[in-house]
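Worksheet: the structure to be examined is printed underneath.
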Amino acid sequence: VEASIPEPQREAWKKYAPKPFTSTEEFEKAAVSHIETTLARSLYNCDEFAAYAGTSLAFRDRLVIDWNATQQNQTFADQKRVYYLSLEFLMGRALDNAMLNVQQKEVATKGLADLGFRIEDVISQEHDAALGNGGLGRLAACFLDSLASLNYPAWGYGLRYRYGIFKQEIIDGYQMEVPDYWLDFNPWEFPRHDVTVDIQFYGHVNKWQDEDGKQQTSWEGGEIVEAVAYDVPVPGYATGTTNNLRLWGSKAASGEFDFQKFNRGEYESSVADQQRAETISAVLYPNDNLERGKELRLKQQYFWCAASLYDIVRRFKKTKRAWKDFPNQVAIQLNDTHPTLAIPELMRILIDLEGLEWDEAWQITQSTFGYTNHTVLPEALEKWSVPLMQHLLPRHLQIIFDINLIFLQFVERSFPKEREMLGRVSIIEESNPKMVRMAYLALIGSHKVNGVAELHSDLIKTTIFKDFVKIYGPDKFTNVTNGITPRRWLHQANPRLSELIASKLGGFDFLKDLTMLHKLESFVDDKEFRKEFAEIKYANKVRLAKYIKDTNGVTVDPKALFDIQVKRIHEYKRQQLNIFGVIKRYLDIKAMSADERKKLAPRVNIFGGKAAPGYWMAKTVIHLICEVGRIVNADPDVGDLLKVIFLEDYNVSKAEIIVPASDISEHISTAGTEASGTSNMKFVLNGGLIIGTCDGANIEITREVGENNIFLFGNLAEDVDELRHAHLYGTYELEPSLSHVFDAIRSGMFGDAGAFSALVNGIVDHGDYYLVSDDFASYCKTHEMIDEAYRNQEEWITKCITSVARMGFFSSDRCIDEYAESIWNVEPLAPKQNGI
Ligand code: 4GP
């Protein structure tokens, strides 16, 4: 690698190379300097936001030093890199995480105090980077943290949405969506105006024979949009490695508006191209576990895949290696099917632009890609109409047809007697219009396919990909159970617990090797430890109670049992089951005598989560929760025995307050529907127990923490089909206690009954697809057991501590090591400091 500065002049560079601050004074100097010069503020007009900006810029300087060194180190080392392609990165706030990962939070705390600020107030000024919907996007963010912390040479590639997931407001008990404009001031990104890629759309395909008689293909015409790179540094914990997240923004290729048109007086159309181009990266599609084939979404996908691949190929070509080495230098992970177009795009580059033969190109492509599936819900499986793809990406469609043809010929040869299988496994669905099945393309074009929890990885092999297991054999399929980063989800969200653990384990090494937590089990009977553990939980509940008071105006007692369900609102996640359970509890309380009530354990039921704007049933569930809260919270018969809270605008930074404050959290999806879940892991790691179905990672959590430390209920995945069938065709009676709940809703107890009729009828009359009625009795019974267990505080704390001690498996570091070993075949690279 050549340096741009000649040898004699490098001395000056080395001499003046910036050094990261390490003392309070140096931090203060950096922050004040940024506030006064970069921001042009002073001690006369420095508010908390300016303090946040100055602090962030000071930390950003630090990160950049490590980031540059890391990139140089990786380039020199010239070893295989991982590229994680994800349409979503739900990063949350960056400052607190950066301070902790570079281990300088204390310095900043003291420094900010010297300058007249409280660090919490400064941190809370930051707007979340909410470039994701839920689990899939947050997983990608946890993976970036682990990749850097474990020193893997890795890049994330995504889209720089101008609007992240909408902000949710609750108005009169209804969800309203407000745009999330988060880029007003974002010190964490570096626009790279010199790193651009021209991306082509539409046009047509030319085929001809060259002088040697070789078939040539090119994609001509159409329109060009420019991709501009925005880089976000991702610091590892306690390491010099700072990796890069590259997000692409879209821009008109000409850069400016059309001056010719402007001069002719066509003012509006002179800016139209520019606006159309910028629309591509304007907004994140707000669906979780749902795909809807909109042209703009397909444009986003291709735009991002093409720009990323161009970048990856450009980097590879600098090494001057032969193409066959590409998979030895590059591993690309497809986070769900959203980046599947990268497969035909790489084929196009190799064949049309680089002149490789099909077979070699295909070999390279398959060895490069891995595909992670995140859901078996049929409505979430991505399909694109053939006519739309023909129009937008004519060359890619041809390549997809060719991939399919060769694949089907192979299947036909291998299974000559099973011709009906061809239609089932074809990438093209013979519907009207024909559709491209992206999951099949992703699977066929990758060397490994993984699910995200054991049950889920088994399910994909027996349901959606059953035929493919027969075709390729089982080895193509693997499991990598999800995990979470303990840096954000323990150390940052629950600093006191992290410190308590460190005090017992002799330091913070457990944040890099979470299996060390098992040593906590020997403290489970330690009186002092138990007391502190309980105090920390209580303090976290007090903090959440204050937050609830501030946002919802409701006073809740921190001594009550806090029962929390926060996640996207979805029928399969069954918030409706939860709120029906709450209504039952309310009716029970109403029917009790004063004496009976005295024996009850007070509860606070807390909900949070966004509904997709077009998901009417999910919005109805939010409305019901809000209405139940309105009635219950004002009922003097109930008092502190039951409070129902819907927290507005659930996001990553709010999760950091909510998660450490649970006694119980709910992970109650219909068995077989939640691929993994990751909030279940966050809650248990923070000393809360969970109620859950035998679904996703709940099963593995049970295996780790032990059956006595988790509240499982409900039907099993293997019985779901039969139960659904019975609802539709058999004799089936609604669970009586649920009927009771429905009667109350229908009576208008919670406002206009008509508003909830679809929700109720879906269960009573329309087959109860999510089996709410089947699981209701065991759900309520299990909650009674929870009440009982909570009464015995000593035993409860034992359960909580034991569970925390056994959560080591669920670190995303473990996931990344598994991906690295079994899918990517990449090695970590030790950081070098300040290599110029
Ligand atoms: C989610 C799954 O629903 C969740 O179970 C899993 O933990 C998460 O991915 C990460 O693997 N899927 C989505 C989606 O968010 O949009 O498909």
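Once you have the Cα-Cα distance between Arg314 and Asp359, take 0.36 nm times their residue separation minus that, and quote the gain in nm to one decimal. Let's see the in-between values first.
Values: separation 45, 0.36 × 45 = 16.20 nm, distance 2.21 nm.
Difference between extended and current length: 14.0 nm.
Per atom type, the chain shows carbon and sulfur on 52% of its accessible surface, probed at 1.4 Å. Partners of Lys261 within straight-line reach, counting lysines whose Cα lies under 28 Å from its Cα and excluding those fewer than 8 residues away in the same chain: Lys251, Lys299.
Against the criterion of solvent-accessible heavy-atom surface with a 1.4 angstrom probe, Asp640, Asp721, Asp121 sort, most first, into Asp721, Asp640, Asp121.
So if I place +1 on the C-beta of Lys and Arg and -1 on the C-beta of Asp and Glu, and nothing else carries charge, what would the dipole magnitude of region 677-804 be about its Cα centre? I want it in debye, nearest 20. If you can, show how the numbers build up before the last one.
Numbers: 7 positive and 21 negative charges, 87 e Å.
Its charge dipole is roughly 420 debye.
What shape does region 637-692 take by its C-alpha gyration tensor, where a ≥ b ≥ c are the square roots of the eigenvalues and a/c under 1.5 counts as rounded, a/b above b/c as prolate, and the rest as oblate? In terms of gyration-tensor shape, prolate.
Cβ under 13 Å from Pro18's Cβ, Pro18 left aside: what net charge do those residues give with Lys, Arg +1 and Asp, Glu -1? Intermediate values should be presented prior to the final figure.
Numbers: positive: Lys14, Lys15, Lys19, Lys29, Arg60, Arg62; negative: Glu26, Asp61, Asp66.
Once positives and negatives cancel, what remains is +3.
Each residue of region 44-53 was assigned a 3J(HN,Hα) from its phi angle through the Karplus curve 6.51 cos²θ - 1.76 cosθ + 1.60 (θ = phi - 60°); the sequence is 8, 9, 9, 8, 5, 5, 5, 5, 4, 4 Hz, with glycine and proline shown as x. Is the chain rounded, prolate or oblate when judged by the Cα gyration tensor, a ≥ b ≥ c being the square roots of its eigenvalues, rounded requiring a/c under 1.5 and prolate requiring a/b larger than b/c? Oblate shape, in that a/c is at least 1.5 and b/c is the bigger or equal ratio.
With the radius of gyration and the Kirkwood radius both derived from the Cα set of region 16-481, what is their ratio Rg to Rh? Please report the intermediate quantities before stating the final value.
Values: Rg = 24.2 Å, Rh = 24.2 Å.
Rg divided by Rh gives 1.00.
Here Lys537 is the anchor, and the lysines within straight C-alpha reach of less than 22 Å, apart from those fewer than 8 places off in the same chain, are Lys504, Lys519, Lys527, Lys546, Lys549, Lys559, Lys567, Lys643, Lys654, Lys682, Lys799. Once the Cα-Cα distance is subtracted from the 0.36 nm per residue extended length, the Asp402 to Lys29 segment shows a gain of 128.1 nm. Straight-line cross-link reach from Lys105 at under 16 Å between alpha-carbon atoms covers these lysines, not counting any fewer than eight positions away in the same chain: Lys29. Farthest toward the positive end of the dipole of the chain, out of Gly249, Phe711, Pro187, is the Cα of Pro187, where the dipole comes from beta carbon charges about the Cα centre. Working note: Karplus 6.51/-1.76/1.60 with θ = phi - 60° gives region 355-368 the couplings x, 6, 6, 3, 4, 5, 4, 5, 4, 5, 4, 4, 6, 7 Hz, where Gly and Pro are set to x.
Measuring only protein heavy atoms, the 1.4 Å probe finds Arg321 accessible over about 80 Å².
Per residue of region 625-640, in order, report the coupling 6.51 cos²θ - 1.76 cosθ + 1.60 (Karplus, θ = phi - 60°) as ³J(HN,Hα) in whole Hz, putting x for Gly and Pro. The phi angles translate into 4, 5, 5, 4, x, 4, 6, 5, 5, 9, 8, x, 4, 9, x, 7 Hz.
Surface listing: Thr22, Thr340 arranged by accessible area from highest to lowest gives Thr22, Thr340, probe 1.4 Å. Distance from the alpha carbon centroid of region 702-740 to that of region 77-140 works out to 40 angstrom. Computed from label points 7 Å out along Cα-Cβ, the spacing between Phe415 and Tyr44 is 7.8 nm.
Taking all protein chains together and a probe of 1.4 Å, list Trp384, Trp323 from the most accessible to the least accessible.
Details: Trp384 0, Trp323 40 Å².
Putting Trp384, Trp323 in descending order of accessible area: Trp323, Trp384.
Think of each Lys and Arg Cβ as +1 and each Asp and Glu Cβ as -1; about the Cα centre, that makes the dipole of the chain roughly 1000 debye.
Net charge within 11 Å of Gly293 by Cβ-Cβ distance, Lys/Arg positive one each and Asp/Glu negative one each, not counting Gly293 itself? Display every interim value, and only then the final one.
On the way: positive: Arg292, Lys294, Arg297, Lys383; negative: Glu291, Glu295, Glu382.
It works out to a net charge of +1.
Per residue, the accessible area of region 748-795 comes to 45 Å², computed with a 1.4 Å probe over protein heavy atoms only. Would region 353-458 count as rounded, prolate or oblate if I go by the C-alpha gyration tensor, calling it rounded below 1.5 in a/c and otherwise prolate when a/b exceeds b/c, oblate otherwise? Verdict is rounded for region 353-458. For Cα pairs less than 8 Å apart in space and 6+ apart in sequence, what is the mean separation divided by the residue count of region 16-481, i.e. the relative contact order in percent? Value for region 16-481: 14 percent. Counting only protein heavy atoms and using a 1.4 Å probe, the accessible area of Trp208 comes to about 120 Å².
Can you give me the relative contact order of the chain as a percent, contacts being Cα pairs under 8 Å and 6 or more apart?
Details: 1483 pairs, mean separation 115.8, N = 836.
Relative contact order for the chain comes out at 14 percent.
Other residues whose C-beta falls under 11 angstrom from the C-beta of Pro191 contribute a net charge of 0, scoring Lys and Arg +1 and Asp and Glu -1. Amide H contacts under 5 Å for Arg81: Val330, Ala331, restricted to partners 5 or more places along the chain or on a different chain, H placed in the peptide plane at 1.01 Å from N. Positive-end ranking of Gly696, Ile786, Pro486 along the dipole of the chain, with charges on Cβ about the Cα centre, is headed by Pro486.
How much mean residue ellipticity at 222 nm does the chain get from its helices, if each DSSP H run of length 4 or more adds -39500 (n - 2.57) and you divide by all residues, to the nearest 500 deg cm²/dmol? Walk me through the numbers before you get to the answer.
Details: 34 runs with 374 residues, N = 836.
When only DSSP H runs of four or more count, the value is -13500 deg cm²/dmol.
Need the C-alpha centroid separation for region 496-539 versus region 395-452, integer Å. Using only Cα atoms, the two centres lie 51 Å from each other.
With viscosity set to 1.567 mPa s at 4 °C, what whole-number translational diffusion coefficient in µm²/s follows for region 371-413 from Stokes-Einstein and a Kirkwood radius over Cα pairs?
Values: Rh = 12.4 Å.
Answer, rounded: 104 µm²/s.
Simple point charges give the picture: +1 on the Cβ of Lys and Arg, -1 on the Cβ of Asp and Glu, and for region 16-481 a dipole about the Cα centre of about 1200 debye.
Could you tell me which of Gly164, Ile123, Gln216 has its Cα farthest along the dipole of region 97-221 towards the positive end, charges placed at Cβ (Lys, Arg +1; Asp, Glu -1), taken about the Cα centre? Result: Ile123, furthest along the dipole toward the positive end.
The values are calculated or read from the model by the stated rules, or taken from the named source; none is laboratory data. Not measured: the values here are computed from a predicted model. Neighbour counts are summed over all protein chains in view; Cβ atoms, including those assigned to glycine, are modelled from backbone coordinates with ideal geometry. The area values use the complete protein model at the heavy-atom level, side chains included, leaving out ligands, DNA and RNA. Shrake-Rupley method; radii C 1.70, N 1.55, O 1.52, S 1.80 Å.
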